[in-house]
Amino acid sequence: MLEYSDIIKKNNKSNLNDLKEKVFSLIITIISFLCIIVLAFIIFFIIKESIPILKHIGIYNFVFGKVWRPLAFGVSESYGIFYIILSTIYTAMLSTLISLFIGIGFSIFLVFAANDFVRSFSLSLMDLIVAVPSVIYGFIGLVIIVKFFEHIPILNMSAGESVLAASLLLSFMILPFIISTVTESMMMLKKDYNNVSLSLGIDKWYMISELILPNSKNAILVGFILAVSRALGETMAVMMVIGNSLVFPKLLGKAETIASLIALEIGMAEVKSLHYSSLFASGAILMVTLSIINISVHFLRKYLLKLEL
């Protein structure tokens, strides 16, 4: 009788667990569906608000126009964001490349050279870096990086605000995304290859260069996507150190990104005006740019997988 009651209890417990899993799965499905609906509405709203300016001057003139003069009247009024797009991509890519090499090197140090305390402390510090508000980074960049550039005679810069200053600041801000992703992947690979390599007498650094790094490329690509996404959309910190000048971007010169353009001018734009619509169109271009980069990296990842096979 006792055995039969135990079986009944186990069956009831199993049924209860199955019910909990189904309820949890249903909740996750509903939340995911709501997120997709909200994202679709956001995209629809941005596109809808962008239509007036695109009808007025056309997509080509808007994207490849080199003069941004929305507050002028008559024939001198112009809505061209080509230089702004270049500045956005330039700053994001430069900062990502800087942080990518530093992040990979730091991840190798954490996994293969640092002890448990240093590794745990460093990863916790990365989480704290992500949590710091971007305006704090902007203030630090304005006080330290910009002032540092202003006091280097060889650079001959009238002001320290520049693409380089913004890229250096951004590289520090996006570094945790690369380090966290790559370190986690390398720690898993270390468990797979470390004992085998030691038993075969393979040098640790040879194992890192020939086994760990090649097999970490997926994690590196994921970290790259996360870093580029953050760099493209960063607003306040970049706005405070890049100079916000609507000119062709140069490494030691001022520039302006799409995110900083929207943040600076959305408050002064009259609702439903062409200026207002052009700012929404700029946001749409930013979304398209980010999508193109993500799709390109996705196909690159598939190409690398085919090469392995």
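Observations
- The condition of being open to solvent by 90 Å² or more (accessible area, probe 1.4 Å) and over 16 Å from I51 (Cβ atoms) holds for K306.
- The condition of being buried (at least 19 other Cβ atoms within 10 Å of the Cβ) and either of a type in the set (S, T, Y) or closer than 22 Å to A114 by Cα (or both) holds for only one of P176, P214, that being P176.
- Pairs linking a residue in region 81-97 that is under 19 Å from V297 (Cα atoms) and small (G, A, S) to a residue that is open to solvent by 60 Å² or more (accessible area, probe 1.4 Å) and part of a helix (DSSP H, G or I), with Cβ atoms under 8 Å and 6 or more positions apart or on different chains, are S95/L168.
- A residue that is under 28 Å from A113 (Cα atoms), open to solvent by less than 50 Å² (accessible area, probe 1.4 Å) and in contact (Cβ under 8 Å) with a residue 60 or more places away in the chain cannot be found anywhere in region 141-152.
- Out of I102, I98, I46, I129, one residue alone is out of contact with any Leu (no Cβ under 8 Å at 6 or more places or on another chain), open to solvent by 20 Å² or more (accessible area, probe 1.4 Å) and either within 27 Å of I212 (Cα to Cα) or of a type outside the set (F, W, Y) (or both). It is I46.
- Looking across region 153-173, the residues that are open to solvent by 20 Å² or more (accessible area, probe 1.4 Å) and not small (G, A, S) come down to P153, I154, L155, N156, M157, E161, L164, L168, F172.
- Unmet criterion (only one of (1) touching a residue at least 24 places away in the same chain (Cβ under 8 Å); (2) crowded, with 20+ Cβ neighbours inside 10 Å; (3) within 28 Å of L168 (Cβ to Cβ)) for S278: (3)
- Candidates L290, L251, filtered to the one that is within 20 Å of S87 (Cβ to Cβ), open to solvent by 30 Å² or more (accessible area, probe 1.4 Å), within 16 Å of the chain's Cα centre (by Cα) and touching a residue at least 24 places away in the same chain (Cβ under 8 Å): L290
- Condition met for I136 (open to solvent by 20 Å² or more (accessible area, probe 1.4 Å), modelled with pLDDT under 85 and under 28 Å from F248 (Cα atoms)): no
- Of all the criteria given as (1) modelled with pLDDT of 85 or more; (2) surrounded by fewer than 19 Cβ atoms within 10 Å (Cβ to Cβ), the one not satisfied by A227 is (2).
- Residues that are among the polar types (S, T, N, Q) and either open to solvent by 60 Å² or more (accessible area, probe 1.4 Å) or over 27 Å from I225 (Cα atoms) (or both) within region 58-95 comprise N61, S76, S78, listed in sequence order.
The values are calculated or read from the model by the stated rules, or taken from the named source; none is laboratory data. Given the structure is predicted, the values throughout are model-derived calculations rather than measurements. Cβ: placed from backbone, ideal geometry, glycine included. Neighbour counts: every protein chain shown. Calculation scope for accessible area: heavy atoms of the full protein, side chains included, ligands and nucleic acids excluded. Shrake-Rupley method; radii C 1.70, N 1.55, O 1.52, S 1.80 Å.
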